[in-house]
Each structure stands twice: as structure tokens, then as C-alpha cells.
Ligand code: IPM
Ligand code: MG
């Protein structure tokens with residue numbers, strides 16, 4: 001089989017971590033008889049530097065012409081960066097939002113699991129970790145505050161800014177169905193997170209989720225207010241299977257969930273539409289402070305590539321092989337700086353490696 005992959009290396013650590021994911025894809029392709037053709041697509045800061053815009057028509061066309069898109073990270077994260085002197089719709093992040101919208105990538109799946117090998121990197125106490133945890137956040141990605149009408153203007157002599165949070169029932173229904181479908185293949189529990197004690201959009205959210213839940217009598221459906229969910233994630237993360245939530249809540253909770261797994265450098269993500277097409281990217285950011293140093297953790301990107309094999313290409317065996325190789329590499333004690341245990345906890349056999357060596361080690365463990 002042959003697949004066309006659009007590659008958005010992006011900014012910061014993006015190019016380094018994408019290089020490793022491609023390395024692992026090519027290695028797994030060798031074993032399973034799959035070949036990948038990569039086409040670089042410009043987006044984010046690098047696109048601003050080269051074209052003056054964070055996303056061009058050409059880039060969108062390039063993504064559409066691909067079977068799937070693999071992305072590193074975009075943006076500079078520092079207010080000092082020249083990209084952030086630009087108006088908001090010309091900044092790096094605007095490119096990503098526009099691409100999600102253009103490709104209708106409404107379903108963002110972010111699995112957060114604790115590898116037993118990385119227990120030492122988890123900031124939670126042992127009794128909270130218990131038997132570990134394995135959840136997936138299903139985040140609505142093309143609606144809500146991110147895409148509502150916004151403006152900044154003067155009202156009654158005061159500068160006033162407005163963002164609007166809008167959802168229609170259809171947008172809620174399709175993401176809810178996706179979450180219940182995901183739950184069916186897992187432990188069959190959906191926790192829908194909203195703020196129904198305050199927001200109209202959340203009350204509609206809850207009503208539609210309840211309607212969808214009736215179509216899935218085999219899946220347990222529970223509602224949780226977002227403030228409580230933020231607390232429960234650090235109090236008892238093991239209670240969650242599938243967390244279903246709107247765009248902004250999902251953005252915040254997925255960073256929190258990733259941190260309790262030990263490092264945001266471990267978290268993969270898939271952004272999907274109604275077809276097999278998807279955009280696959282690590283949940284973490286561009287980490288400009290460590291860019292170019294060869295120390296970034298490529299595992300989230302490698303695992304995102306595995307998600308691509310599974311969701312877009314139905315290559316479950318190759319996907320499983322990558323996931324197993326990552327687990328084995330950790331098992332053997334290889335760690336990037338972000339998941340390295342503290343000196344006092346260092347056990348024999350744990351060894352710190354850079355970005356590229358981590359990629360090589362994973363390739364060597366593929367079977
Ligand atoms: C994410 C990121 C993006 C988001 C930013 C870069 C716009 O934080 O994918 O979680 O908020 O969706
Ligand atoms: Mg985020």
C-alpha cells in the first residue's frame with residue numbers, strides 16, 4: 001500500500017520531532033509493506049516568514065490532496081516573537097484553526113494514559129495513581145469560543161472585548177456520537193463535561209448528549225461540571241474512560257490530563273472529520289526554549305503517526321507495532337529529558353537520550 005502524507009513540520013521543536021515520526025513510519029513501512037510519500041506543507045510561523053500568512057490556499061489544497069496530515073507544532077509561545085506583533089488572524093495559531101475549519105476536523109481525540117514505566121514521572125501520589133489510568137478526551141474542535149463572533153471596540157468610553165460561545169444541536173450530536181463510538185471500543189463509559197449550571201450552550205450540550213446516550217444503552221453516560229472535572233482529574237484520574245467536551249474546556253482539560261501522565265511530550269492526538277482523513281499532531285506545543293537542541297521528546301509525534309495508521313489507513317498491525325515499540329523502548333530504560341526521573345529516583349539502567357536516538361531506539365524495537 002502507498003499513502004500520501006502531508007507534513008506540517010512547523011515551528012520550534014516541530015521539525016525535529018516530525019523527522020523522528022517519519023523515521024519510525026518508514027521503518028514500520030519496511031516491515032509491513034507500506035510506503036509513504038511525504039509532501040511538506042507550510043503552516044504557522046514558518047509560513048508567515050515565507051508567505052506573509054500563517055496558512056495559504058496552496059497549503060489547504062496540499063492538505064486536501066493528502067491521505068492524511070502529520071504535524072509537528074506551530075507557534076512561538078513568546079510574546080517577544082515578531083509573529084505576535086501581527087493582528088490575531090495573521091498569527092501562527094490562526095493557521096491551525098483555519099485548517100481545522102477548512103477540513104471540517106470537528107473531532108479531536110486525545111488519549112492520555114500512564115505508562116507503568118513512567119510512574120516516576122507522574123506528579124500524583126502513588127495512592128492516587130492506583131492501578132494507573134487510561135482515558136481519552138474527545139474534544140469538539142470546530143465550534144464554540146474558538147470560532148464564535150469576536151470583536152474589540154469602545155463602549156461607553158471603555159475598550160470592550162467580546163467572544164461568543166455558540167453550538168448548534170447538530171455540532172453537539174456529531175461529536176457526542178463520535179465519543180460514544182469510541183467508548184464502545186473501550187470501557188464503555190462517557191463522562192460529558194460542561195458548565196450547565198451557568199451556560200446556555202452547556203444546557204443544550206447536556207440535552208443533546210442525553211439524547212445520543214439513549215442510542216447507546218450499553219455505554220454508561222455521566223455528566224460532570226468542568227470545574228469539578230478539573231479537580232477529579234488530579235484526585236481520581238482512574239475514574240475516566242472517555243471524556244466528551246466542547247472546544248475550550250477540551251483544550252484546558254487535555255493539557256491537564258497530559259501532565260498527570262508525566263509529560264505533555266507523550267500525548268498523541270488525532271483530529272478527524274466524517275471521512276477517513278485526519279490531521280495527527282502531538283498535544284504539546286512548539287517549545288521554543290528547547291528547539292534545535294536535539295532534546296525534545298518525539299514520542300507524542302511517533303504515537304500520533306500510529307494513530308494515523310489506525311484511523312486513516314486501517315493499518316492496525318503497523319499501528320500496534322509502533323505502540324509496542326514505544327513501550328519496549330521505555331521498558332528498556334531510555335528516556336528523553338522531560339521524562340527522566342529525578343536523580344534520587346534514578347534506577348540502574350535508566351538512560352537519557354536525545355530526540356534522534358529515541359527515534360532510532362523505537363525503530364530498532366519494531367517487529
Ligand atoms: C491545542 C493548542 C491549540 C488549541 C492552539 C495552538 C490554537 O493549544 O491544539 O491544544 O488551542 O487548540
Ligand atoms: Mg492546547
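The values are calculated or read from the model by the stated rules, or taken from the named source; none is laboratory data. Owing to the predicted nature of the structure, the values given are computational and were not obtained by experimental measurement. Cβ coordinates were reconstructed from backbone atoms using ideal geometry, including for glycine residues, and neighbour counts include every protein chain displayed.
Here are the numbers:
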| read-out | value |
| --- | --- |
| All positions within the stretch 123-142 that are buried (at least 21 other Cβ atoms within 10 Å of the Cβ), more than 16 Å from ligand 2 (Cβ to nearest atom) and assigned to a loop (DSSP other than H, G, I, E, B) | 133 |
| Cross-chain or 6+ apart pairs with Cβ under 6 Å, the stretch 322-350 first and surrounded by fewer than 17 Cβ atoms within 10 Å (Cβ to Cβ), then modelled with pLDDT under 90 | 331/117; 333/349; 341/120; 345/120 |
| The stretch 252-274 - residue that is within 16 Å of residue 106 (Cβ to Cβ) and either assigned to a loop (DSSP other than H, G, I, E, B) or modelled with pLDDT of 95 or more (or both) and, of those, farthest from the chain's Cα centre (by Cα) | 274 |
| Any chance residue 222 is over 19 Å from residue 116 (Cα atoms), modelled with pLDDT of 95 or more and away from ligand 1 (no atom under 16 Å from the Cβ) | yes |
| Any chance residue 233 is part of a helix (DSSP H, G or I) and more than 17 Å from residue 111 (Cα to Cα) | no |
| Verdict on residue 212 being surrounded by 19 or more Cβ atoms within 10 Å (Cβ to Cβ), more than 16 Å from ligand 1 (Cβ to nearest atom), within 23 Å of residue 271 (Cβ to Cβ) and under 23 Å from the mean Cα position of the chain (by Cα) | no |
| Count - residues of the stretch 169-204 that are outside any helix (DSSP H, G or I) and without any contact (Cβ under 8 Å) to a residue 12 or more places away in the chain | 2 |
| Qualifying residue in the stretch 177-191 (condition: more than 29 Å from residue 126 (Cα to Cα) and touching a helix residue (DSSP H, G or I) at 6+ places or on another chain (Cβ under 8 Å)) | yes |
| Residue tally, condition in contact with a strand residue (DSSP E or B) (Cβ under 9 Å, 6 or more places away or on another chain) and either within 14 Å of ligand 1 (Cβ to nearest atom) or within 25 Å of residue 129 (Cα to Cα) (or both), over the stretch 279-308 | 13 |
| Helices (runs of 4 or more DSSP H) completely within the stretch 42-107 that count 1 or more residues being under 17 Å from the mean Cα position of the chain (by Cα) | 92-102 |
| Unique residue being closer than 16 Å to residue 110 by Cα, assigned to a helix (DSSP H, G or I), more than 16 Å from ligand 2 (Cβ to nearest atom) and touching a helix residue (DSSP H, G or I) at 6+ places or on another chain (Cβ under 8 Å) when the list is 307, 358 | 307 |
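Per-residue answers, yes or no, for (1) within 15 Å of ligand 1 (Cβ to nearest atom); (2) crowded, with 23+ Cβ neighbours inside 10 Å:
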site	(1), (2)
234	no, no
239	no, no
244	no, yes
248	yes, no
257	yes, yes
263	no, no
268	yes, yes
